[in-house]
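Participant: One structure coming up, written as structure tokens, with questions to follow.
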Amino acid sequence: MPGQPFLAGEIVTVGGGALDTQNLLFIGVLIIAVLAFNFVPAMIAYARHHPERALLARLNILSLLSFLLWFALLVWAVGGKRDDGIINRFVGNAENRGWLIGLVVLLVGIGVGTTAYALATG
């Protein structure tokens, strides 16, 4: 009945498949766990008072689309050093931070686009 809450054991039809409330609960818990795991680099950066923790947290949102980016952010959060010349070129200067975020967005977008193309034509 529309507007009624789901009852335990009730079956919900979604796109031709049936989901009971236990499966919906499992899917919800799984999504929350994946999101929590995704933000581990940001949590580490904030816990260790990383000098670029805010930038790490913003870039961490994009890591939902790229495991390689997630791993790089994890290494950066744990390392916490700013002695890398390439990172200092973009992070050390406030004007260049926008370029860094734009470059990461572009690279992740290219990765997602090529994956989508391969899946569509494959």
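Participant: Mind listing whichever residues of the stretch 17-42 are over 19 Å from the mean Cα position of the chain (by Cα) and open to solvent by 50 Å² or more (accessible area, probe 1.4 Å)?
Facilitator: Once the filter is applied, which keeps residues that are over 19 Å from the mean Cα position of the chain (by Cα) and open to solvent by 50 Å² or more (accessible area, probe 1.4 Å), the stretch 17-42 yields 18, 22, 23, 24, 25, 26.
Participant: Scan the helices (runs of 4 or more DSSP H) fully inside the stretch 10-97 and keep the ones with 2 or more residues being at pLDDT 85 or above.
Facilitator: Result: 21-38, 40-47, 53-62, 67-79.
Participant: Going through the stretch 18-34 one residue at a time, which ones are without any contact (Cβ under 8 Å) to a residue 12 or more places away in the chain and of a type in the set (A, V, I, L, M)?
Facilitator: If the condition is that a residue be without any contact (Cβ under 8 Å) to a residue 12 or more places away in the chain and of a type in the set (A, V, I, L, M), then 18, 19, 25, 27, 29, 30, 31, 32, 33, 34 are the ones that fit.
Participant: Give me the pairs, please: first residue somewhere in the stretch 43-55 and in contact (Cβ under 8 Å) with a residue 24 or more places away in the chain and open to solvent by 100 Å² or more (accessible area, probe 1.4 Å), second residue anywhere and outside any loop (DSSP other than H, G, I, E, B) and not charged (D, E, K, R), beta-carbon distance under 8 Å, and either six or more positions apart or on two chains.
Facilitator: Between residues of the stretch 43-55 that are in contact (Cβ under 8 Å) with a residue 24 or more places away in the chain and open to solvent by 100 Å² or more (accessible area, probe 1.4 Å) and residues that are outside any loop (DSSP other than H, G, I, E, B) and not charged (D, E, K, R), the close pairs are 48/77; 48/78.
Participant: Which pairs have Cβ atoms under 8 Å, sit 6 or more apart or on different chains, and link a residue in the stretch 99-111 that is under 14 Å from residue 61 (Cβ atoms) to one that is not in a helix (DSSP H, G or I)?
Facilitator: From residues that are under 14 Å from residue 61 (Cβ atoms), the pairs are 108/65; 108/66.
The values are calculated or read from the model by the stated rules, or taken from the named source; none is laboratory data. Note that the structure is predicted; figures quoted are calculated from it, not measured. For neighbour counting, all protein chains shown are included, and Cβ atoms are generated from backbone atoms with ideal geometry for every residue, glycine included. Side chains are part of the model used for accessible areas, which takes the heavy atoms of the whole protein and leaves out ligands, DNA and RNA. Shrake-Rupley method; radii C 1.70, N 1.55, O 1.52, S 1.80 Å.
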